[in-house]
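The block underneath contains the structure these notes are about, expressed in structure tokens.
The values are calculated or read from the model by the stated rules, or taken from the named source; none is laboratory data. Predicted, not measured: the structure shown is a model, and the values here were computed from it. Every residue, glycine as well, gets a Cβ built from its backbone with ideal geometry; the counts of neighbours run over all protein chains shown.
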């Protein structure tokens with residue numbers, strides 16, 4: 001199997017998902033789409049494609065023209081039935097490629113938040129084992145509405161947290177992939193996020209909580225990615 005990770009910034013890559021991918025002996029290519037026009041190989045030729053987060057926003061195509069190209073690539077992959085997993089910005093881009101219009105939230109979700117599975121989510125091959133819910137690491141100011149034809153899988157008090165398109169494409173808003181090192185970097189550099197500053201983020205409290213929760217969270221993330229690979233292998 002071959003997988004493609006679409007990465008938008010250095011400290012927001014596949015994280016612990018890469019551990020799960022490599023442990024399964026899956027070849028993993030990385031595409032820094034903000035820096036390189038094309039992936040290492042034709043995107044549709046991969047057995048699975050994962051797209052990750054970033055500090056930019058889904059509607060900032062004027063500042064980041066590559067966002068438009070990635071939406072086009074994802075739309076083609078949806079049409080072809082290539083297994084897809086979008087995380088945070090990646091999930092918003094996937095939703096946009098499927099015809100939804102992600103939007104800015106009234107207040108960002110930053111930190112650990114309760115996520116509850118829907119009835120459909122409890123039977124989902126990726127999220128079902130997490131029923132009835134979990135506390136997830138969040139860092140986002142935008143949200144995705146449910147794409148046309150999508151199935152809502154999980155929600156928080158603030159927004160839709162996960163959806164599935166067809167049988168092989170998922171978007172998750174929470175950062176199941178984030179490594180301990182990347183989480184530390186995000187918290188340390190929180191002042192670069194104007195929304196985090198605006199809400200008065202308590203970085204010390206978030207750092208303490210993250211250090212006590214990240215090991216179990218990373219185990220959850222690796223398991224979620226393994227189940228995604230199972231779906232991709234069956235296809």
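A quick yes/no check of all residues on (1) over 25 Å from residue 196 (Cβ atoms); (2) modelled with pLDDT under 95; (3) in a loop (DSSP other than H, G, I, E, B):
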position	(1), (2), (3)
36	yes, yes, yes
40	yes, yes, yes
63	no, yes, yes
85	yes, no, no
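Considering only residues that are part of a strand (DSSP E or B) and touching a residue at least 60 places away in the same chain (Cβ under 8 Å), look in the stretch 114-139 and name the one that is farthest from residue 212 (Cα to Cα).
Checking each candidate, the answer is 139.
Select from the stretch 140-167 the residues that are in contact with a helix residue (DSSP H, G or I) (Cβ under 6 Å, 6 or more places away or on another chain), in a loop (DSSP other than H, G, I, E, B) and over 21 Å from residue 195 (Cα atoms) and list them in ascending order.
147
Which numbered condition trips up residue 6, out of (1) surrounded by 19 or more Cβ atoms within 10 Å (Cβ to Cβ); (2) without any contact (Cβ under 8 Å) to a residue 60 or more places away in the chain; (3) assigned to a strand (DSSP E or B)?
Of (1) surrounded by 19 or more Cβ atoms within 10 Å (Cβ to Cβ); (2) without any contact (Cβ under 8 Å) to a residue 60 or more places away in the chain; (3) assigned to a strand (DSSP E or B), only one is false for residue 6: (2).
Would you check which residues across the stretch 24-53 are surrounded by fewer than 23 Cβ atoms within 10 Å (Cβ to Cβ) and either touching a residue at least 40 places away in the same chain (Cβ under 8 Å) or at positive phi (or both) and list them?
24, 25, 26, 45, 47
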